[in-house]
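Taking it in order: structure first as structure tokens, then the write-up.
The values are calculated or read from the model by the stated rules, or taken from the named source; none is laboratory data. Everything numeric here is computed off the predicted structure, so don't read it as measured data. Cβ atoms come from the backbone with ideal geometry, glycine included; neighbour counts cover every protein chain shown. For accessibility, only protein heavy atoms count, side chains too; no ligands or nucleic acids. Shrake-Rupley method; radii C 1.70, N 1.55, O 1.52, S 1.80 Å.
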Amino acid sequence: PKEVLVMSSTGPWESVGGDIKFLRLKQRNIGGLVTDGSVRDTDEIINYGFPCFSYNTTARQGPAAMQPWECNGVVSLSGVTVRPGDAIVGDQDGVVVVPAKVADIVYSIAHGREEIEDIVKEELTKNPGPPGKFYPFMSGKIKVDSPLGQLLATKGITPENSNQFEGTANW
């Protein structure tokens, strides 16, 4: 349950499945589907309620060769290697694969960045102005005396409790 199915396709325009095959994924309470192929019956997939990321959509039925060949194996999608246990993160902007062995630290970096972006947006909402004042904003490179560093200090975010500052990167 809530695991992501990653399917390698025989080609980007080939269907890996549609509503009948994906009904089983819904029944299994899947966390999502990612493929470098296409999918059919998009309206029904949306109604099934799990995220689906594909190269494209198609009305064509897939080739007979599009059958399960392996489960929990290593696959390559558009040149990206995906291994069992890797973290799959997707939203309307796309999908990223994070190797399992670094998933915790990548989460820490990303979560810290999200916190900081929320603070910057809050500040720019209260005091409209150009966002460039807080740039460059690179994780692990924020300078304490920069406008961004000073803003973060007012919110209690310092090099002592964040890996986002210059010299604090633990990756």
* To do: Using the structure shown, decide if residue 86 is open to solvent by less than 80 Å² (accessible area, probe 1.4 Å) and under 30 Å from residue 35 (Cβ atoms).
  => yes
* To do: Could you grab me the full set of residues in region 91-140 that are touching an Asp or Glu at 6+ places or on another chain (Cβ under 7 Å) and assigned to a helix (DSSP H, G or I)?
  => 100
* Members of region 21-48 that are closer than 23 Å to residue 72 by Cα and free of Cβ contacts under 8 Å to residues at least 24 places away in the same chain -> 21, 24, 27
* Answer from 131, 136, 159 - the residue that is open to solvent by 70 Å² or more (accessible area, probe 1.4 Å) and either farther than 30 Å from residue 18 by Cβ or in contact (Cβ under 8 Å) with a residue 12 or more places away in the chain (or both) -> 136
* **Residue that is in contact with a Gly (Cβ under 9 Å, 6 or more places away or on another chain) and surrounded by 11 or more Cβ atoms within 10 Å (Cβ to Cβ), where the choices are 153, 103, 110** => 103
* Asked: Which of the residues that make up region 28-59 are of a type in the set (Gly, Ala, Ser) and on the phi > 0 side of the Ramachandran plot?
  -> 32, 49
